[in-house]
1. Could you go through the stretch 117-133 and let me know if any residue there is under 19 Å from residue 89 (Cα atoms), within 13 Å of the chain's Cα centre (by Cα) and either among the aromatic types (Phe, Trp, Tyr) or within 16 Å of ligand 2 (Cβ to nearest atom) (or both).
2. Within the stretch 264-285, is even one residue modelled with pLDDT of 95 or more and within 16 Å of ligand 1 (Cβ to nearest atom)?
3. Of all residues in the stretch 51-70, which are on the phi > 0 side of the Ramachandran plot and assigned to a strand (DSSP E or B)?
4. Given the residues 171, 198, which is the only one that is away from ligand 2 (no atom under 16 Å from the Cβ), in the same structural domain as residue 214 (by TED's automatic domain parsing) and in contact (Cβ under 8 Å) with a residue 24 or more places away in the chain?
5. Is it the case that residue 121 is part of a helix (DSSP H, G or I), aliphatic (A, V, I, L, M) and in the same structural domain as residue 14 (by TED's automatic domain parsing)?
6. Identify all residues within the stretch 72-105 that are assigned to a loop (DSSP other than H, G, I, E, B) and away from ligand 1 (no atom under 14 Å from the Cβ); write none if there are none.
7. Which is closer than 20 Å to residue 66 by Cα, in contact with a Ser or Thr (Cβ under 9 Å, 6 or more places away or on another chain) and either modelled with pLDDT under 95 or more than 15 Å from ligand 1 (Cβ to nearest atom) (or both), of 162, 139, 169, 113?
8. Name every residue in the stretch 45-86 that is closer than 21 Å to residue 131 by Cα, aliphatic (A, V, I, L, M) and within 11 Å of ligand 2 (Cβ to nearest atom), in order of residue number.
Amino acid sequence: MDSVTVRVPAKVNLQLAVGPLRDDGYHDLVNVFHAVSIFDEVTAVAETGMSVRVEGESADQVPENDDNLAIQAAVALARHAGRSYGVSLAIRKAIPVAGGMAGGSADAAAALVACNELWGLGLPVEDLMEIAADLGSDVPFALLGGTAVGTGRGERLTPLEVGGRFHWVLALADGGLSTAKVYGECDRVRAEGGEQVAAPRTSEALLAALRAGDAKALGAELANDLEPAALSLRGSLARTLDAGRAHGALGSLVSGSGPTCAFLAESEAHAAALAAALTEAGVARDVLTAHGPVPGPTVV
Ligand SMILES: C[C@@](CO)(OP(=O)(O)O)[C@H](O)COP(=O)(O)OP(=O)(O)OC[C@H]1O[C@@H](n2ccc(N)nc2=O)[C@H](O)[C@@H]1O
Ligand SMILES: Nc1ncnc2c1ncn2[C@@H]1O[C@H](COP(=O)(O)OP(=O)(O)O)[C@@H](O)[C@H]1O
């Protein structure tokens, strides 16, 4: 095979409960991931060296060198296989960069799937999962897709049952937020408030809403412990969240470390109307609609 193309979705976080800072610099989480229908595409072509090109949404903000997570994934896979394979990767981005939607993790997961196929390795998904966890906390979910709860630093996954399709509106912001800075700000805000930080706990009400496919109940349960930190670093997001609530979103939150804001709608038609209202209100760089859950990386 000379070329493999993989389509891979973005995620939003439906619940992100953040425990105290660990000794290794990470936080224990309860992280409910939900893959949504905004897709990057990664094409892997057999080559002697390793290279990456990026085009599409905010491509100028994505490194085209060894810092690119997709190249790191290819290098890690070749090392795992114990061979000096080469690949040229072409990434077509639609997932907002540094937006809290795990675009880099998605590209890394897609590169693992594409190179496993291109190089004829036939490694099982368990092996890819192990490599994924070393690349980043969000990469294992990016390999899995659907809806799942992540514990530990988010890499230990349990798939969740979901009883329907949910409709989302995503308000994109100008410029990204650094994940490490947002976690750091969360620690700072908590310390300032003298907050005693408890171990993170799964919301049973949220899991029940997912199982039932009940958008109204899910909207009421959306929660993100990183939201105060994202708002502290990017005050303008408060206006965006307020606008979504004012226009009838069933629930609203900052996705992960932000700055993308996610709004849950009642239906596809409601999502379109809400997106139009947010665009009209001028509270976002761009407004997208999407549905979830969707499957993980798919060879096209
Ligand atoms: C916040 C979340 C929510 O899904 O994603 P984004 O919204 O950024 O996409 C994740 O926890 C991000 O996962 P990911 O982007 O893979 O993070 P990593 O590369 O593993 O870690 C980047 C940095 O984030 C912080 N970090 C990450 C995960 C975690 N459980 N605790 C942390 O404190 C650490 O400071 C770490 O150095
Ligand atoms: N393939 C990639 N796509 C996007 N960003 C990447 C990629 N590889 C490395 N990065 C770097 O990772 C940072 C975080 O990007 P991203 O994964 O899009 O956001 P987030 O962590 O907020 O979900 C970016 O600022 C970029 O410099």
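1. Taking every residue of the stretch 117-133 in turn, none turns out to be under 19 Å from residue 89 (Cα atoms), within 13 Å of the chain's Cα centre (by Cα) and either among the aromatic types (Phe, Trp, Tyr) or within 16 Å of ligand 2 (Cβ to nearest atom) (or both).
2. No: the stretch 264-285 contains no residue that is modelled with pLDDT of 95 or more and within 16 Å of ligand 1 (Cβ to nearest atom).
3. Residue satisfying the conditions is 56 alone.
4. Being away from ligand 2 (no atom under 16 Å from the Cβ), in the same structural domain as residue 214 (by TED's automatic domain parsing) and in contact (Cβ under 8 Å) with a residue 24 or more places away in the chain holds for just one of 171, 198, which is 198.
5. It is false that residue 121 is part of a helix (DSSP H, G or I), aliphatic (A, V, I, L, M) and in the same structural domain as residue 14 (by TED's automatic domain parsing).
6. Across the stretch 72-105, the qualifying residues are 82, 83, 84, 85, 86, 94.
7. 113
8. The answer is 52, 69, 70, 71, 73.
The values are calculated or read from the model by the stated rules, or taken from the named source; none is laboratory data. Small disclaimer: the values here were computed from a predicted structure and weren't measured. Cβ: placed from backbone, ideal geometry, glycine included. Neighbour counts: every protein chain shown.
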